[in-house]
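Visitor: Let me give you the structure first, and then I'll get to my questions.
The values are calculated or read from the model by the stated rules, or taken from the named source; none is laboratory data. All values derive from a computational prediction rather than experimental measurement. Every residue, glycine as well, gets a Cβ built from its backbone with ideal geometry; the counts of neighbours run over all protein chains shown. These accessible areas exclude ligands, DNA and RNA; they are computed on the full protein's heavy atoms, side chains included. Shrake-Rupley method; radii C 1.70, N 1.55, O 1.52, S 1.80 Å.
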Amino acid sequence: MAELVAGSEPVMCALRAARELDLDSWCIGAGLIRGLVWDHLHGFEEPSLCADVDLVFYCPDGPGRMQERSIEQALSAMTPGLQWDAVNQAGVHRWLQPRSPGHVIPAFNSLADGIASWPETATCVGVTLNAMDEIGVIAPHGLSDLFDMVVRWNPARVSRTIYEERAAEKRWTARWPRVKVLPC
């Protein structure tokens, strides 16, 4: 995984920018990383377009959405052309609960705890870059689903209905035909 990330200049550029923020606990994950792996496994020369770069961090004392917007602005200034989405995993439960009636969403205790709750297990992967340019991988559910190209519902955060809506909306198999989207 680290070798694949290191070989992608766009991902490394994003990681270097994120590292500059000097956050205690952070990673880049979700679509950018999933797309990198699936593009590689499909033999695509041209990387898939990614709507945004997901930077997630864990700061239990953070002021919330204002801090996230400030981080996005700083990253955008460092990397013109990249759209950033910064989310403090320590506060996610506050805005997810109203969207998931009947589905209890507890506060997360760490960055890995938040990543472990993402809607599909293949996407529950983040990468980070330390001061010595070493790539770290956070994969609470392992890397099997990502590298086996299996999209599987993770019930930790979203309902079956939301998973099914996401699967229909994302249309992963249109870009990556070898991907297997499993029903709930």
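Visitor: When the distances between all Cα atoms of the chain are binned every 10 Å from zero, what whole-number percent does each bin get?
Guide: 9, 37, 38, 15, 0
Visitor: Averaged over every viewing direction, what's the projected area of the C-alpha convex hull for the stretch 15-72? Give it in nm², one decimal, please.
Guide: Values: hull surface 18.7 nm².
Over every viewing direction, the Cα hull of the stretch 15-72 projects on average to 4.7 nm².
Visitor: When only the heavy atoms of the protein chains count and the probe is 1.4 Å, how do 124, 59, 184 rank by accessible area, highest first?
Guide: Working: 124 0, 59 40, 184 60 Å².
Reading off the accessible areas and sorting them downward yields 184, 59, 124.
Visitor: Sticking with this one: Just to verify a number: FRET efficiency for residue 67 and residue 134, C-beta to C-beta distance, R0 = 22 Å, to 0.05? Provide the component values of the computation, followed by the final result.
Guide: Values: r = 27 Å, r/R0 = 1.21.
That gives a FRET efficiency of 0.25.
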